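Inspection log for the structure reproduced underneath, given as C-alpha cells.
Quick note: the coordinates plus some simple rules give every number you see, no bench work behind them. Just so it is clear, the structure is predicted and the values come from calculations on it, not from any experiment. Backbone-built Cβ (ideal geometry, glycine too); neighbour counts: all protein chains shown.
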Amino acid sequence: MFAGCQRSEVPAATIVSLDDVEAFGRGPLRHRKDYLDESFVSPSHAVRWKQERGHWRAAAERLIQSKTLFDTPCLWITDNWSSGYFHWMCDSIPRLEMASMVCDLSEMTLLLPYKFRGRRYIQQSLAPYGLKDVRILKRFERACCRRLTLPSHVASTGNFDQGIIGRMRNRFLRHLKQHADGNESTSADRVYISRRVATRRKIANEDAVETLLKNHGFKIVVCEQMQWIDQLSAVTNAECLVSNHGAGLTNMIAMQPGRRVLEIRDAVGSTPNCYFNLAAACSLGYFYSFAHRTDPQQTVHHGDVTVDVSALDQAIHAMVGENIGRHT
C-alpha cells in the first residue's frame, strides 16, 4: 500500500521572474502568447486543457475582460486545484514559503483567481507572510503584470519537501504565539477531527466513532466551524490526531515532530497516500484503520464510509501505546 512512497525523487524547484505576464480571473497565466504549465497542478492537466479547447475559450473571454495594469511586483502561487484546503496548504503555500526565501514579500502583491473568493482560510493563512497586498481577481478581469514572480511547484501534489514544511510549521507557530492574547493553547492531548458537516466522505456511523474516541480521551473538533488560526491551535500540542481521509488532516502541519496521526482510509479503493507522505514530512508517526464505502458505486474521493469500530479501537490502542490507559 505504501511501497511507492518509500522513496520519491523531487525535482529541483525554481523561481522565475517574468516581464509582461497576463493573469486572469479564471484560466492559466499567459506570457508572450504561451500559457504557462505552472498554472496547472501537473503537465498532464495543461495538455488536457488544450485538448478540451481551453485556449479557445480563454481567447473568447479576452474579448470581454476588463483590463488592470499592475506596475508593482506581483506573485502567483496557484494552479487549477489550489482552492481546496489541502491543495492550498500543501501545494500553494509551499510555493509562497519558497518565494519568501528570495523575495521581499512586503513589497509584493499576490494575485489569486476569482474562485478563491469567500474562502476564509485563504486570507487568514496568508497573514503570517506579511504580503503588501492580496488581490482576488474578478471573474472576467485580466491583470497585466509588468513583473511577476512565479515559483514552481515545490513537489508534485501529494509529495512534500521536508525543509519547506518545517519552515511553514515554524512560521505558523510564531503566528499563533503572536495572536495568543495571553491565553493558553486550545489544543488537547488527543484530537479527533470530525467530518460530520462535510459535503462528502463522511462517516456513516459517526456517533459510534465519536463515542469510542471520547472513551479514549479525544476532543472532538469540526474544522468547518472554526477559523483557520483556531484549527491550527487545536492540534499544536496534541499527542495524537485522528480523522478520516480529508482536508482536516492537513492541520497536522502544526503538530510537534514525534507526535502521532491516525487516518481512517478506504479499505477497497486506492486512497491517495498524501497524508502518509505529509506525516513523514512533518516527522510524525503514521497509523491507519480501514473503513468501507457505504455505496460501492461512489469513488474513494466522494463516498461516505462505515468504520469498523472494533478495528479502530485496536488501531487507537496501537497508536497511543500500551502504557497509556483508556480514559473514562
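A compact table of results
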quantity	calculated
Filtered trypsin sites (Lys or Arg not before Pro), the stretch 235-328: DSSP coil and at most 13 other beta carbons within 10 Å	Arg326
Shape category assigned to the stretch 196-322 from the gyration tensor of Cα positions, a/c cut at 1.5	rounded
Dipole magnitude of the chain, debye to nearest 20 (Cβ charges: Lys/Arg +1, Asp/Glu -1, about Cα centre)	920 debye
Summed side-chain charge close to Gly303 - residues other than Gly303 whose Cβ falls under 14 Å, Lys, Arg +1, Asp, Glu -1	+3
Cα-Cα separations in the stretch 8-159 greater than 22 Å, expressed as whole percent	36 percent
For Cα extents along the principal axes in Å, calculated from these coordinates, the label among (1) 63, 50, 36; (2) 53, 51, 45; (3) 69, 45, 34	(1)
Dipole in debye (nearest 20) - the stretch 8-159, about Cα centre, beta carbon charges: Lys, Arg +1; Asp, Glu -1	800 debye
Within-14-Å neighbourhood charge of Pro73 [Cβ basis; K, R +1; D, E -1]	-2
Normalised contact order of the stretch 109-156, rounded percent, pairs of Cα under 8 Å and 6 or more residues apart	46 percent
Residue order, fewest to most beta carbons within 10 Å, for Thr250, Thr306, Thr199	Thr199, Thr306, Thr250
Helix axis angle, 206-215 relative to the chain longest principal axis, alpha carbon, degrees	60 degrees
Neighbourhood charge, 14 Å Cβ-Cβ cut-off, centred on Gly166 and excluding it, Lys, Arg +1 and Asp, Glu -1	+2
